[in-house]
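The structure under discussion appears below in the form of structure tokens.
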Amino acid sequence: MSGKSAEVVVVGGGPAGLTAAIALAGAGVETALVAKPLGAPDNRTTALLASSVTALDTLGVWPLCRDDAAPLRVMRIIDDTARLLRAPEVHFAASEIGLDAFGHNIENRFLLAALDTRARALSTLTVIEDTAQAVAIEDNRVVIALAHGAPLSARLAIGADGRRSLCRQAAGIATDGRSYQQTALTFNLSHQRPHHDSSTEFHTASGPFTLVPLPGLRSSLVLVADPAEAVRIAALAEAELAAEIERRSHSILGRLEPEPGRGTFPLAIETARRFAVARVALVGEAAHLLPPIGAQGLNLGLRDAAAIGELVVEARRNGGDVGAADLADRYDRARRTDVTGRALAVDLLNRSLLSDFLPMQGARGLSLFLMERIGPLRRAVMREGVQPTTAQPRLMRGEAL
Ligand SMILES: Cc1cc2nc3c(=O)[nH]c(=O)nc-3n(C[C@H](O)[C@H](O)[C@H](O)COP(=O)(O)OP(=O)(O)OC[C@H]3O[C@@H](n4cnc5c(N)ncnc54)[C@H](O)[C@@H]3O)c2cc1C
């Protein structure tokens, strides 16, 4: 990086921003990452699909955290709605599509630590611990004003600054979306019985309740409920909480012991109307916010990072301007179908659970019934989940940029 300029500046040091910065710097692009100092530790975990793991491996990140991750070999969906039209239990096994695992589940703190270590080892990447205060878009560059340091200019700014993105706002990009009357409660727990590398999603009338394996006799939990109920459960004393979760999970993991740290996340869905304009591209939650159903959010964010990395490296090789409007158009087109398709599927699944409308419940039950009974359909759904046909950036295929 020369003086206070870089070719690309990434704003936001969450998992999507760190991955974008590593992808670019690893391919020789002079990159600056503006990252706020880390806040309180995050107790959430992320289920990374196999293609995301491949990308992190290709970037040299996965070897730094793979021992902290648990494989996801089986996924079960259980209809726990007690409604008239209930679906059969659906069982997906990675071995059915020739995979060892659908992906891996990892605590965010381990993933972030591995990303941070890799980022700091790259000589083409400058990490600036600061806060972006303003983003000025000019014809040939973008200038980021920082809270403490001197302004920083670049050809392209990648906005990885989360759901209240300053970069998105500065680029004048609106979003479409809405809030759900639901809150996700998350925490990790240890248990008496082994999980056998299997995640279990109970579909209840207030939203899904999912147990996802962690290494050893531990799992992470995401319980989606109406906001008052989520707050009530989050406030329970440890023994009461253990009993409540054991009851809701039908004791499949035996006696439970919740670990300290409970997080609550009000659910919303939001998609940016453009994922990029000249000089600014959005990745991760700055571009799309999804409820934590079906483990889509960060997997999409990593595909954003891989896609923008690929386009920037290609433009550079061809002597082009990495912040030009045509690159922004290509990035928007490359990400649109993947993001809107996943957002629609998650929204439909969630609404079909909440709905009291019998035909809606019937349609959900029928889809799950067909998936359980028809092997080729089930396998097609599994393959599409692990490796989306509409979005296969090079990194997700194990190819360096
Ligand atoms: C309960 C729950 C469970 C989930 N489970 C999964 C899962 O299993 N699989 C999955 O794929 N996804 C999952 N997700 C979604 C996933 O957690 C998010 O998609 C992901 O954390 C978003 O990462 P990000 O880097 O885009 O944003 P963030 O993690 O929000 O990072 C944004 C960063 O930008 C920084 N920032 C903001 N403004 C500025 C500024 N002005 N200057 C400098 N820095 C700034 C912030 O401090 C932050 O560090 C889950 C989400 C929830 C709520």
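Beta carbons closer than 6 Å, at least 6 apart along the sequence or on distinct chains, pair a first residue in the range 107-120 that is at negative phi with a second that is within 14 Å of the ligand (Cβ to nearest atom) and of a type in the set (Lys, Arg) for 108/44. Filter the range 158-182 for residues that are surrounded by fewer than 22 Cβ atoms within 10 Å (Cβ to Cβ) and part of a strand (DSSP E or B) and give the result. Correct list: 175, 176, 177, 178, 179, 180, 181.
Residues of the range 315-334 being surrounded by fewer than 15 Cβ atoms within 10 Å (Cβ to Cβ) and either among the hydroxyl-bearing types (Ser, Thr, Tyr) or within 30 Å of residue 179 (Cβ to Cβ) (or both), which ones? Correct list: 333 only.
All of 17, 12, 60, 28 fail the test of being within 9 Å of the ligand (Cβ to nearest atom) and on the phi > 0 side of the Ramachandran plot, apart from 12. Scanning the range 276-291 for residues that are within 13 Å of the ligand (Cβ to nearest atom), touching a residue at least 60 places away in the same chain (Cβ under 8 Å), of a type in the set (A, V, I, L, M, F, W, C) and more than 14 Å from residue 166 (Cα to Cα) yields a count of 1. Looking across the range 103-130 at every residue that is over 30 Å from residue 384 (Cα atoms) and surrounded by fewer than 16 Cβ atoms within 10 Å (Cβ to Cβ), the one that is farthest from the ligand (Cβ to nearest atom) is identified as 123. Of the residues making up the range 131-159, just one is among the β-branched types (Val, Ile, Thr) and farther than 21 Å from residue 328 by Cα, namely 131. Among the residues of the range 131-141, those identified as within 11 Å of the ligand (Cβ to nearest atom) and within 18 Å of residue 5 (Cβ to Cβ) are 132, 133, 134, 135. Limited to the range 270-298, what total is found for residues that are at negative phi and at pLDDT below 95? Of the residues in that region, 6 qualify. Does any residue of the range 257-267 turn out to be buried (at least 18 other Cβ atoms within 10 Å of the Cβ), hydrophobic (A, V, I, L, M, F, W, C) and more than 10 Å from the ligand (Cβ to nearest atom)? There is no residue in the range 257-267 that is buried (at least 18 other Cβ atoms within 10 Å of the Cβ), hydrophobic (A, V, I, L, M, F, W, C) and more than 10 Å from the ligand (Cβ to nearest atom).
Just one of (1) without any contact (Cβ under 8 Å) to a residue 24 or more places away in the chain; (2) within 16 Å of the ligand (Cβ to nearest atom); (3) closer than 30 Å to residue 205 by Cα fails for residue 77. It is (1).
Exactly one residue among 389, 337 is loosely packed, with under 13 Cβ neighbours inside 10 Å, modelled with pLDDT of 65 or more and either polar (S, T, N, Q) or not in a helix (DSSP H, G or I) (or both), and that residue is 389. Among the conditions (1) out of contact with any helix residue (DSSP H, G or I) (no Cβ under 8 Å at 6 or more places or on another chain); (2) modelled with pLDDT under 95; (3) not charged (D, E, K, R), residue 9 misses just one, which is (2).
Answer yes or no as to whether residue 278 is surrounded by 24 or more Cβ atoms within 10 Å (Cβ to Cβ) and either over 30 Å from residue 232 (Cα atoms) or not hydroxyl-bearing (Ser, Thr, Tyr) (or both). In short, no. For the residues 254, 319, the requirement of being farther than 26 Å from residue 395 by Cβ, more than 15 Å from the chain's Cα centre (by Cα) and not in a helix (DSSP H, G or I) singles out 254. Among the residues of the range 31-55, those that are more than 12 Å from the ligand (Cβ to nearest atom) and surrounded by 24 or more Cβ atoms within 10 Å (Cβ to Cβ) comprise 31, 55. The single residue among 83, 76, 168 that is basic (Lys, Arg) and either on the phi > 0 side of the Ramachandran plot or modelled with pLDDT of 95 or more (or both) turns out to be 168.
Once the range 142-157 is narrowed to residues that are more than 10 Å from the ligand (Cβ to nearest atom) and buried (at least 20 other Cβ atoms within 10 Å of the Cβ), the residue that is farthest from residue 300 (Cα to Cα) is 152. For the range 301-314, the candidate set comprises residues that are among the aliphatic types (A, V, I, L, M) and either in contact (Cβ under 8 Å) with a residue 60 or more places away in the chain or surrounded by 24 or more Cβ atoms within 10 Å (Cβ to Cβ) (or both); within that set, the residue that is farthest from the ligand (Cβ to nearest atom) is 313.
The values are calculated or read from the model by the stated rules, or taken from the named source; none is laboratory data. Keep in mind the model is a prediction, meaning the values are calculated, not measured. For neighbour counting, all protein chains shown are included, and Cβ atoms are generated from backbone atoms with ideal geometry for every residue, glycine included.
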